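Engineer: I'd like to ask you about the structure that follows.
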Amino acid sequence: MELHHHRFSSIFWPLFVEILFSVLVSISDTLMLYAVSPQAVAAVGTSITYLNFINVAFIILSNGTLAIFTQYAGAKEVDLTRKAAITTIKYNLLIAVGITALIFALYPILMNLIIEDTSIASLAIEYGLIVGGASAFIAINPILANYMRALGHDKSPMIANLVANVVNISLNYVAIFILELGVIGVAWATFIAHFLSTLVLIILANVHLPKGIGESTVSPKQIMKDSIFIGLPSAIESFVFLGAMTVVITVLNILDPSGIEISARVTVEHISRFAFIPAAALAHATAIKTGFYVGGKSYKKAEKRILKASLISMITTLILGSIILLIPNEIISIFTTAENLHGDELTELIHVIESILWINLIIEAIRSVNVIIGESLKVTGDAWFVGKISFISLLTFAIGGTLFFTFVFSLDILGIFIALAIDETVKCLFFSYRLITKKWTSHTLVIPIKSL
């Protein structure tokens with residue numbers, strides 16, 4: 001199999017378009033749900049949160065495959081990538097079957113335990129059971145996308161994503177405003193979008209990529225071992241991060257039963273996603289190029305690429321964040337209008353949002369560096385270092401700091417954002433030190449392979 005070479009810009013721009021469109025569609029979906037009812041927004045938001053917890057199981061192999069695909073492609077052992085793709089897809093599909101069974105058996109019980117309002121719980125269950133049925137597509141999509149990007153077909157995942165998102169937002173509009181199906185319609189739109197994304201990826205993979213599998217001494221067992229070694233720390237990190245965000249939401253519910261501070265956090269999160277789009281695209285593109293360089297033993301090029309991307313990422317995030325700070329009212333009004341707030345409630349919400357936007361800019365700027373270095377270190381094979389530091393920092397500073405600043409110093413939502421800023425700063429210091437000391441070079445996956 002011949003490697004389809006590509007430049008960094010050829011990797012970055014399709015990723016940028018893909019992430020930008022996904023963010024726009026996600027925000028549009030939220031705004032459209034407000035037209036159904038606040039209960040619909042709460043139900044879907046809660047359901048998505050817990051489905052994300054469940055889907056962490058798929059991260060193990062999908063994240064691990066990016067390191068395998070790119071390193072072996074960089075080592076000119078590209079025939080092995082197809083063998084790795086088929087092996088990991090089979091196992092992730094088996095996991096998806098088990099996850100789907102668990103969702104149908106336990107999800108209604110879980111939602112009824114967590115959500116006190118029975119009407120919201122009912123809507124959350126309906127959404128979760130339908131979208132949970134798409135677990136098989138969610139399981140294999142990232143593996144297929146990583147596989148195609150590693151072999152240079154960067155536009156294929158973008159095309160699949162665009163098709164799925166256009167269909168998703170169109171069906172959401174029809175379901176909400178024409179058929180008035182509410183949450184059930186939104187759930188089926190999401191299910192169909194996941195299916196279409198997988199279908200388009202499979203078609204494009206069959207069109208662009210050769211069908212044969214090169215023989216090698218690397219067994220499926222070794223492929224799975226390497227995938228789990230790289231992917232498991234990422235899964236643990238994602239699980240703890242989601243847990244930290246759950247603690248944040250719980251604390252906000254305790255401090256402010258009116259829901260104003262939770263609405264402020266959600267709005268700031270949506271706004272900050274725009275500033276973070278270039279960083280997210282740079283992180284994935286840099287990780288892919290890092291894998292190529294590491295596979296080819298070009299460690300200096302890898303380090304130079306990571307440092308350059310980190311600097312660009314921070315500067316871009318600061319510029320976009322500063323623009324947001326210059327025109328906060330115009331941006332905030334997009335979300336507050338959808339939430340249909342008026343009077344003192346609206347005034348209080350805007351005040352809270354403005355008070356935390358500035359510190360959120362600092363958080364996003366530091367996070368933009370962390371995501372570049374962290375994802376690149378994972379691809380080099382140094383995933384356990386990233387996972388351990390993230391795990392300790394999230395528990396100590398994100399969760400512990402949230403409890404400390406809110407209950408001891410009574411800083412409320414500002415205290416939460418200070419805790420998150422400290423968490424990102426600590427991770428940035430450790431990740432940067434690890435990169436500069438080059439200890440990651442002893443953790444690469446690629447070994448010499450001889451064809452049978």
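Engineer: Residue under question is Thr198, and the condition is that it be modelled with pLDDT of 90 or more and either touching a Cys at 6+ places or on another chain (Cβ under 9 Å) or farther than 30 Å from Ile350 by Cα (or both); does it hold?
Structural biologist: yes
Engineer: Have a look at Gly152, Gly185 and point out the one that is surrounded by 17 or more Cβ atoms within 10 Å (Cβ to Cβ), at positive phi and either assigned by TED's automatic domain parsing to the domain that holds Ala136 or not in a helix (DSSP H, G or I) (or both).
Structural biologist: Exactly one of Gly152, Gly185 is surrounded by 17 or more Cβ atoms within 10 Å (Cβ to Cβ), at positive phi and either assigned by TED's automatic domain parsing to the domain that holds Ala136 or not in a helix (DSSP H, G or I) (or both), namely Gly152.
Engineer: Moving on to the next point. Tell me the residue from Ile353, Ile319 that is closer than 20 Å to Ile413 by Cα, over 22 Å from the mean Cα position of the chain (by Cα) and not hydroxyl-bearing (Ser, Thr, Tyr), please.
Structural biologist: Going through Ile353, Ile319 in turn, the sole match is Ile353.
Engineer: Same structure again: Hey, can you tell me all the residues within the range 116-139 that are more than 25 Å from the chain's Cα centre (by Cα) and part of a helix (DSSP H, G or I)?
Structural biologist: Within the range 116-139, Thr118, Ser119, Ile120, Ala121, Ser122 meet the criteria.
Yes or no, residue by residue, for (1) modelled with pLDDT under 75; (2) surrounded by fewer than 13 Cβ atoms within 10 Å (Cβ to Cβ); (3) of a type in the set (D, E, K, R):
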site	(1), (2), (3)
Leu318	no, no, no
Leu326	no, yes, no
Thr336	yes, no, no
Asn340	yes, yes, no
Gly343	yes, yes, no
Leu349	no, no, no
Val352	no, no, no
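Engineer: Which of the residues spanning the range 247-266 are more than 18 Å from the chain's Cα centre (by Cα), aliphatic (A, V, I, L, M) and either surrounded by fewer than 24 Cβ atoms within 10 Å (Cβ to Cβ) or outside the structural domain of Ser368 (by TED's automatic domain parsing) (or both)?
Structural biologist: Val247, Val248, Ile249, Val251, Leu252, Ile254, Leu255, Ile260, Ile262
Engineer: Another question, if that's okay. Restricting attention to helices (runs of 4 or more DSSP H) lying wholly within the range 371-452, give those where 1 or more residues are within 19 Å of the chain's Cα centre (by Cα).
Structural biologist: Once the helices (runs of 4 or more DSSP H) in the range 371-452 are filtered for at least 1 residues that are within 19 Å of the chain's Cα centre (by Cα), what remains is 383-393, 412-437.
Engineer: For the structure I just gave you, tell me whether Leu106 is farther than 30 Å from Arg149 by Cβ, aliphatic (A, V, I, L, M) and surrounded by 15 or more Cβ atoms within 10 Å (Cβ to Cβ).
Structural biologist: Considered against the rule, which asks whether it is farther than 30 Å from Arg149 by Cβ, aliphatic (A, V, I, L, M) and surrounded by 15 or more Cβ atoms within 10 Å (Cβ to Cβ), Leu106 comes out as no.
Engineer: Considering the range 267-298 alone, what residues qualify as being aliphatic (A, V, I, L, M), more than 15 Å from Asp154 (Cα to Cα) and under 14 Å from the mean Cα position of the chain (by Cα)?
Structural biologist: Ile277, Ala279, Ala280
Engineer: Can you name the residue in the range 259-282 that is of a type in the set (Gly, Ala, Ser) and modelled with pLDDT under 85 and is also farthest from Ile334 (Cα to Cα) among such residues?
Structural biologist: Gly259
Engineer: From (1) surrounded by fewer than 23 Cβ atoms within 10 Å (Cβ to Cβ); (2) modelled with pLDDT of 90 or more; (3) in contact with an Asp or Glu (Cβ under 9 Å, 6 or more places away or on another chain), pick out the condition that doesn't hold for Ala285.
Structural biologist: Failing condition for Ala285: (1).
Engineer: Answer yes or no: is there a residue in the range 161-181 that is surrounded by 20 or more Cβ atoms within 10 Å (Cβ to Cβ), of a type in the set (Val, Ile, Thr) and under 23 Å from the mean Cα position of the chain (by Cα).
Structural biologist: no
Engineer: Mind listing whichever residues of the range 51-76 are buried (at least 24 other Cβ atoms within 10 Å of the Cβ) and over 19 Å from the mean Cα position of the chain (by Cα)?
Structural biologist: Ile68, Phe69, Thr70, Gln71, Tyr72, Ala73, Gly74
The values are calculated or read from the model by the stated rules, or taken from the named source; none is laboratory data. Given the structure is predicted, the values throughout are model-derived calculations rather than measurements. Counting neighbours? That spans all protein chains shown, and the Cβs are built from the backbone with ideal geometry, glycine included.
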